[in-house]
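The values are calculated or read from the model by the stated rules, or taken from the named source; none is laboratory data. As the structure is a prediction and not an experimental result, all values here were calculated from the model. As a convention, Cβ positions derive from the backbone with ideal geometry for all residues, glycine included, and neighbour counts pool all protein chains shown. Please note that ligands, DNA and RNA were not included when accessible areas were found on the heavy atoms of the full protein model with its side chains. Shrake-Rupley method; radii C 1.70, N 1.55, O 1.52, S 1.80 Å.
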Amino acid sequence: MSIPLHIGIIMDGNGRWAEMRGLPRFEGHRRGVERAMEITEAALGTGIKVLSLYAFSIENWRRPEDEISVIMSLLESTLKGKSLNFMKEGIKFKVIGNRDRLSDNTREIVESVERLTENNDKFTLQCALSYSGRDEIIRAVKRAISIGLSPEDISEERISQLLDTSGIPDLDLIIRTSGEQRLSNFLLWQSAYSEFYFTSTLWPDFTKEELLEAIYNYQTRDRRFGKLTNGAVKCT
Ligand code: IPE
Ligand code: IPE
Ligand code: MG
């Protein structure tokens, strides 16, 4: 089977990684962001075209303020530090999610890196930030109404175009670290026929080798999309 075009990663377990070591949770987030950049580098050489990283959910706004501000400033400094690398590697950077809830500073940094990298076409790094799948669908429906679409205009294609991920193929593979086996509101529409790879590895310990292992594992799957497997006996 072929290489997945689009992989999503639910990068979970930063807090537990830190707590297990007697470190503050922010240390786990710091390692987690570093890991995210290393795994992006690793993904570049695999033939994957889009990597979607779940960095911060809308529900994560319910966390203590100091944890949220550490996560946001880590994202800001990483983006500032990596933007030239993105240019060098041909990476288009894009944020999906509800921007209204981001601070002006975070939004400005995100948007300047998006503008800088918008013409890169080798690889797309989508960062789900202040993101929830249901919120994305609600915003798409509101947009459909505001541009005056009528019921007969609504189709799967049209909804897909109105989502934050417009123009990006659906997810082939979703990886979730830390042993949890749920979507936690990640890319609900785009995961309709995704394959899943769950691992107990905590995100700061996730390696390039495990990314490759997830891809090999994906290649053993039989993606039927509701049809019969090649060679299956037809029911006459
Ligand atoms: C994932 O790690 C990062 C975010 C959700 C921002 P967690 O912070 O959820 O780590 P655990 O699940 O508490 O270990
Ligand atoms: C999901 O992790 C969100 C991200 C990885 C950014 P959470 O740790 O927030 O998910 P739940 O609360 O365990 O479902
Ligand atoms: Mg978690």
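Observations on the model:
- Pairs, first away from ligand 3 (no atom under 16 Å from the Cβ) in segment 1-23, second of a type in the set (S, T, N, Q) and open to solvent by 70 Å² or more (accessible area, probe 1.4 Å), C-beta under 9 Å, six or more apart: Met1/Thr220
- Subset of segment 154-183 [within 16 Å of ligand 1 (Cβ to nearest atom) and open to solvent by 50 Å² or more (accessible area, probe 1.4 Å)]: Gln181, Arg182
- Scanning segment 1-15 for residues that are more than 9 Å from the chain's Cα centre (by Cα) and either over 29 Å from Arg30 (Cβ atoms) or assigned to a strand (DSSP E or B) (or both) turns up Met1, Ser2, Ile3, Leu5, His6.
- Residue under evaluation Ile68, criteria (1) assigned to a helix (DSSP H, G or I); (2) surrounded by 20 or more Cβ atoms within 10 Å (Cβ to Cβ); (3) in contact with a strand residue (DSSP E or B) (Cβ under 9 Å, 6 or more places away or on another chain), criterion not met: (2)
- Count - residues of segment 141-197 that are more than 12 Å from the chain's Cα centre (by Cα), outside any helix (DSSP H, G or I) and of a type in the set (Lys, Arg): 1
- Some residue of segment 32-50 being within 16 Å of ligand 3 (Cβ to nearest atom), farther than 14 Å from Ala128 by Cα, in contact with a helix residue (DSSP H, G or I) (Cβ under 7 Å, 6 or more places away or on another chain) and assigned to a helix (DSSP H, G or I): yes
- Filter result for Gln219 (more than 16 Å from ligand 1 (Cβ to nearest atom) and open to solvent by 20 Å² or more (accessible area, probe 1.4 Å)): yes
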